[in-house]
Amino acid sequence: MALDHEQRFGNKNAARPAGNGNAARGRKPAAAQAQAQAQAGQAPAAEAKPRGDAKPKLQVQKAKKLRLRSPSQDIKNKAQKLKEVRVDLNEIEPVRLQKALSSSGVGSRREMEEWIEAGLVTVNGKKASLGDKVGPQDKVLVKGDQIKLKWPDRLPRVIMYHKEEGEIVTRDDPEGRVTVFDRLPQAKSSRWVAIGRLDVNTAGLLLITTSGELANRMMHPSFEVEREYSVRVLGDLTPEIMKEMTKGVELEDGEARFDRIFQTGGQEESANQWFNVVIKEGRNREVRRMFEHFGLTVSRLMRVRFGNIGLPPRLKRGQFYELNAAEVAAVMKWSNLTVTGGKKTGGQRRGSPRKPKAARSE
């Protein structure tokens, strides 16, 4: 029942970038809004004061959820059983204090480290220090308040989001730009973690989960999970250059190469050509820099697959789809993790995707 994205949502039908038409609609500019309030005799709404030099946050339109057909009763039953799976808290291994606090939504890991060093965190009545580990039975206080730590004792959540250009993958932007976390629903009992980043000018598939272990499995270079991008290139990309790209080229931060590159569209006489590239690491702007190395310009870049999850054609820009429990379990199995995020014994999963069964879209 997991996602058959290679066959159903996969590369042959990968969505092409469309015009940027998802700006907020029907919203008055702030100045016009204030003027209208003044004419109506109303006091203008108080603006939130930014922290430090940070710019005030813009009002953000929430992403729309992609609706799918209701699955079969067998799938519903399986999903319900998976939701009810729980791990005995006594079997959970202790983790570093800053990781436990961050995973519980208290703040970023770096911020938690600063608070621990400042003496603002205690564990079982004693002042904590960096390197301390905590488990489910420990009592943790931050600035005098007891924290209810969250533990990976159940199936995590996973969201597929079709990121638009102009959005950034971060939680707090000093420039006040729109972030993907502003657009997506809040995780009430956990903290969302982005599986890999996309730069501000790159669109496409972004996976977000509540499982730090799943994120690490899919992002860490040692697991060599494939990322596939659809690229519109301005310039003459010859077969010789494509061959060099798969052999490897030297960039300023080390050697880089594409595992595969193939043409997918565009007229031969056109200045712009479409290609798909597959890469197994996520260095900053690596795909763009590979083309720039040969004097080629990337005029559009879009991620269409991450690991065994492809971007569904029906998932339009600014939309998200939350995987059901059976689909999440299949992703965890593919990543060689238990349904609750524990590490399985045996070999690790490589980057070649399997083809599980897919949910039907409307």
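Roughly how big is the stretch 66-182's charge dipole about its Cα centre, with Cβ charges of +1 (Lys, Arg) and -1 (Asp, Glu), in debye to the nearest 20? Approximately 620 debye in magnitude. One way to sum up the overall shape of the stretch 226-320 is the equivalent ellipsoid from its Cα gyration tensor, whose semi-axes run 21, 18, 11 Å, largest first.
Charges were assigned to the Cβ only: +1 to each Lys and Arg, -1 to each Asp and Glu. The resulting dipole of the stretch 93-158 about its Cα centre is roughly 180 debye. Surface composition of the stretch 112-237: carbon plus sulfur atoms contribute 46% of the solvent-accessible area (1.4 Å probe, protein chains only, all chains present). Per residue, the stretch 245-344 exposes an accessible area of 41 Å² to a 1.4 Å probe, with every protein chain left in place. The alpha carbon centroids of the stretch 299-344 and the stretch 217-234 are separated by 14 Å.
The values are calculated or read from the model by the stated rules, or taken from the named source; none is laboratory data. Computed from a predicted structure; not experimentally measured. So basically every Cβ, Gly included, is an ideal-geometry build from the backbone, and we count neighbours across all protein chains shown. Accessible surface areas use protein heavy atoms only, side chains included; no ligands, DNA or RNA. Shrake-Rupley method; radii C 1.70, N 1.55, O 1.52, S 1.80 Å.
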